[in-house]
Amino acid sequence: MNTKQIRQKILDLAIRGELVPQDPTDEPASVLLERIRAEKEQLIKDKKLKRDKKDNEPIDEIPFELPEGWEWCRLGEVCFFKGGYAFKSNKYIEKSNNQVIRIGNVKNNNLILSNQPVYIPDTLQNEIEDYHIKENDLLFTMTGTKGKRDYFYTLVVPKVKHNLYLNQRVGLLRVILSELNIYFINLVLKHQFVLDSIFQTETGNVNQGNIGSENTLNLLIPIPPLAEQHRIVEKVEQLFALVDTIETHKEQLKSDVKQAKNQVLNYAIAGKLTHQDPNDEPAEELLKRIGKTTTTAADTPYEKLPKGWVWCKLGEVCSFENGYAFNSDDYQKNGTPLIRISNIKNGKIDISEAVFIKIEYDKRFMVEYGDLLIAMSGATTGKMGVYKLDREAVLNQRVGNIKIRNKDIFFHKFRNYIMQTKSDEILKMAYGGAQPNISGKMIENLTIPLPPLAEQYRIVQKIETYFSFLDTIENSL
């Protein structure tokens, strides 16, 4: 269960009356609702509020059973709604004591005053006084991306030092009776059953989704006794603070795991992860067998290597092949999968959304099990993935293939880990500014440490042991 699910579980217990114990001496919610109705009637009589058509409409079906002393009601029975004002941008000024609250200021259930703030002059205050936001008003966003549920964020307005005014498509709810706990209402509006209900009423076009005030006020909400409302809010705040702490530690632990993996790799390629065996055939002899030479000390990137290891260029133990510029007119729904940059994901090759070809192609562009592919251009330049599928695939342009020349000299899994340590170096080599590129020559010219083949296997085994342990930690978060 992740922290988002934990929060929903807390909210679920809260609004079902299962988070805090009931107190039989609490005044029932029905009495509170009677006071609210009386207050509402007075406001209607004083012409400060209009009568809601659904005020006396019976509730036919309740979402779930409530504890004794609780009541179901419509949101419009306990709150009134205020829509925002259509401020014109030519009225905005650089700075004043009057800030306009727009959709972007109500984000992920937080009031973010610093997000592209806009202000209006004092001369407009009288004209827009009806849109003045008060402390403890509840704000919610009414427009977003249709089908994405990226709005209906809610928050209770805290005390601020300057005036806030309501812009269009930001809704305001204000309790009819001040003693009602607005923070409890805010918790209810974040519950999944409320979100499901409100988004069922979503309107709008292909891209823009909207929620209306009538459907918002028609939402069914549970009302506990007033004293229990306070207890619930206090308990939820305590538990949410604990979840926040867990989340902070979780992100820190994720960062620690990533750093630990990098440290393991750094130790591995420096020969500090395993013990050297003097009986291993030295790496220099491996290179001699294929007619290659070691790299001079002046070209090596850092400290002295263990005995039996040598520095060499990646191109001496791996070949590099670029992909081919296949014509999109040749794309099919089946055939041989074509590996594009978008198919390189999280260190693997994902062909679930691949395109296919059925034409003849040069075998140089063929991808085999265990090949290491790399993005050669674009925003994800340098990202790599290992092809682990038992089917033939073919390489598209701007995807490179780092293939092992001789499996008796260079272990493919050791190559994969070596290349992980080269990510930053590859990015630094990229050219082209906003559209970075790397070349096959750059990759082949990378200097790498080469241990004896037997030690390569031992190193990989050690890395996998450590990584498995670290993955277990990360997956438990």
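Taken together, the values in this text are just the output of simple stated rules run on the coordinates, not laboratory data. Keep in mind that this is a model prediction, so the values were computed, not measured. Neighbour counts run over all protein chains shown; Cβ positions are idealised from the backbone, glycine included.
Numerical summary
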| item | result |
| --- | --- |
| Point-to-point label distance, residue 457-residue 471, nm (Cα→Cβ direction, 7 Å offset) | 2.1 nm |
| Point-charge dipole on Cβ atoms (K/R +1, D/E -1) for the range 282-450, about Cα centre, debye to 20 | 280 debye |
| Amide hydrogen neighbours beyond the local backbone of residue 155, cut-off 5 Å, H modeled | 139 |
| Using alpha-carbon coordinates, inclination of helix 29-45 to the longest axis of the chain, degrees | 70 degrees |
| Using a Förster distance of 30 Å, the FRET efficiency for residue 130-residue 244 (Cβ separation, nearest 0.05) | 0.25 |
| Surrounding net charge for residue 474, when Lys and Arg each add one and Asp and Glu each subtract one, Cβ distance under 14 Å | +1 |
| Ranked by how many other beta carbons lie within 10 Å on average, peptides 164-174, 139-149 from highest | 164-174, 139-149 |
| Scattering profile of the range 106-228 at q = 0.11, 0.16, 0.20, 0.22 Å⁻¹ [log10 I(q)/I(0), Debye over alpha-carbon scatterers] | -0.42, -0.86, -1.24, -1.40 |
| Electrostatic dipole magnitude of the chain [Cβ: Lys, Arg +1; Asp, Glu -1; Cα centre; debye, to 20] | 1600 debye |
| Long-range amide H partners of residue 106 with built H, under 5 Å | 112 |
| q = 0.09, 0.15, 0.19, 0.20 Å⁻¹: log10 I(q)/I(0) that the Debye formula gives for the range 314-461, counting C-alpha atoms only | -0.27, -0.75, -1.16, -1.26 |
| Cα-based equivalent ellipsoid, the range 24-225: semi-axes from gyration tensor eigenvalues, Å | 30, 20, 15 |
| Point-charge dipole on Cβ atoms (K/R +1, D/E -1) for the range 24-225, about Cα centre, debye to 20 | 1060 debye |
| Dipole of the chain, positive end: most advanced residue of 259, 31, 56 [Cβ charges, Cα centre] | 259 |
| Net charge contributed by nearby residues that have their C-beta within less than 15 Å of residue 41 (K/R +1, D/E -1) | +2 |
| Cα-projected label distance for residue 380 with residue 9, points at 7 Å along beta-carbon direction, nm | 3.3 nm |
| Candidates per GluC sites (Glu not before Pro) in the range 360-438, loop by DSSP, up to 10 other Cβ within 10 Å | 360 |
| Cβ crowding within 10 Å averaged over residues, with 461-469, 440-448, 199-207 ranked highest first | 440-448, 461-469, 199-207 |
| Among 227-234, 152-159, 87-94, the order from most to least packed when residues are scored by Cβ within 10 Å on average | 227-234, 152-159, 87-94 |
| Evaluated at q = 0.05, 0.07 Å⁻¹: base-10 log I(q)/I(0), Debye formula over Cα of the chain | -0.35, -0.62 |
| Under 23 Å from residue 345, Cα to Cα: lysines that are on another chain or at least 8 residues apart | 254, 258, 261, 333, 383, 388, 403, 413, 422, 428 |
| R0 of 51 Å, Cβ-Cβ distance residue 122-residue 330: FRET efficiency to nearest 0.05 | 0.15 |
| Per-residue ³J(HN,Hα) for the range 118-123, Karplus 6.51 cos²θ - 1.76 cosθ + 1.60, θ = phi - 60°, Hz, x for Gly and Pro | 10, 10, 10, x, 4, 5 |
| Members of 82/159; 53/159; 146/235; 190/235; 292/407; 313/407 lying beyond 23 Å, as alpha-carbon distances in this model show | 53/159; 146/235 |
